[in-house]
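Just so it is clear, none of the values below were taken in a lab; they were calculated from the coordinates. All values reported here derive from a predicted model rather than from experimental measurement. As a convention, Cβ positions derive from the backbone with ideal geometry for all residues, glycine included, and neighbour counts pool all protein chains shown.
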Amino acid sequence: MNQVIPEPVVITGASGQVGRALVAELQRCGIRSQVLVRKPAGLSHCEEYCDWMESSEAEAVLASAATVVHLAGNLKPAQGDYTSANVKTTERVAQSVSPTCCRRLVFLSFHGASTSSTNPYLASKALAENTLLSAGVPTTILRCCHIVGSPSHPGPTASSLIAGSSGVLQVLGSGSQCWAPVALQDVVAAIVAALAGEHDGRFDLQGPEVMQLDELITVLNPGKRLLRLHIPAPLAHLLRFTGLPDALIEVMLSDCFSEPGGEATQAPAILGITPTSIRHQWI
């Protein structure tokens with residue numbers, strides 16, 4: 001694998017769930033990585049550059065990068081500032097990378113990203129996509145559905161759907177919203193394959209099974225007796241007064257999948273990945 005991925009691979013937002021898993025996989029493959037983070041992340045086997053949005057050293061790293069994976073972004077930014085969290089960070093990447101040095105840029109976006117969306121998170125992700133597609137560098141955009149880690153390291157989305165010892169779990173909405181959750185290992189595999197490939201444009205990345213949220217909760221809580229407290233959508237939006245952004249609430253309340261055979265191009269088929277069943281991984 002390392003002979004076909006130009007090195008070094010520069011990764012923004014490497015301190016998150018996907019970034020840490022990606023750094024570990026690249027290290028396993030013997031691929032050199034450099035990570036750009038806001039504050040020390042304690043990542044091993046890579047070169048770490050902090051305060052990357054302001055650092056001239058980080059700018060130089062991007063300028064000399066052979067490949068870039070842009071993961072930096074936030075669904076729950078401070079003061080709900082999605083422009084700073086998702087667009088400004090992307091502009092930093094687009095303005096710093098060199099079309100003569102960078103062979104491939106991979107961006108992790110989100111399902112449903114659209115400049116016409118009324119959801120500021122989805123709109124900011126679409127603006128970020130457009131910014132990178134205009135940077136003059138071959139770019140692969142992966143529009144990802146909700147990511148689920150392993151039972152030992154579930155990640156933020158899955159953790160929010162796992163009940164404690166009491167079995168009580170608050171669920172936003174009726175639980176009938178349909179998701180096609182994607183396994184973390186598949187996200188990492190897709191990024192690595194994209195770095196080694198020549199696929200330009202936008203691709204949807206989702207799991208092989210579409211299931212209702214209530215069904216996913218059952219999968220993520222094997223053997224537990226659950227008491228689900230469903231919060232109707234109108235009441236769920238009142239959670240913004242607890243600090244939960246409306247954009248995040250809307251994402252949790254909405255369907256998240258692409259219809260098989262629809263207009264969207266599926267990343268697993270293009271990149272040669274066999275999607276992992278969350279059900280089989282957890283039960």
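Just give me a number: lysine pairs in the chain, eight or more positions apart or cross-chain, with C-alpha atoms less than 21 Å apart.
Lysine pairs meeting the criterion: 5.
Divide by every residue of the chain the summed helix terms, -39500 (n - 2.57) for each DSSP H run of at least 4, and state the resulting mean residue ellipticity at 222 nm, rounded to the nearest 500 deg cm²/dmol.
-8500 deg cm²/dmol
Dipole of the chain (Lys/Arg Cβ +1, Asp/Glu Cβ -1, origin at the Cα centre): which of Q177, L161, P245 lies farthest to the positive side?
So the residue we want is L161.
With a cut-off of 8 Å between alpha carbons and a minimum separation of six or more residues, what is the relative contact order of region 9-282 in percent?
17
Order of W52, W282 from fewest to most other C-beta atoms within 10 Å?
Ordered from fewest to most neighbouring Cβ atoms within 10 Å, W52, W282 come out as W282, W52.
Please arrange F110, F257, F241 by counting, for each residue, the other beta carbons lying within 10 Å of its beta carbon, fewest first.
Ordered by Cβ neighbours within 10 Å, fewest first: F241, F257, F110.
Where does each of V87, V23 land when they are ranked from fewest to most other beta-carbon atoms within 10 angstrom?
V87, V23
Considering the values [x] 7, 29, 36, 22, 7, 0; [y] 7, 30, 39, 22, 2, 0; [z] 6, 22, 28, 24, 15, 5, 0, which represents P(r) over Cα pairs in 10 Å bins from 0, in percent as calculated for the structure under consideration?
Answer label, from the structure shown: [x].
Which of the listed residues, H146, A194, A267, is farthest toward the dipole's positive end in region 9-282, when Lys, Arg count +1 and Asp, Glu count -1 at the beta-carbon?
About the Cα centre, the residue reaching furthest to the positive side is H146.
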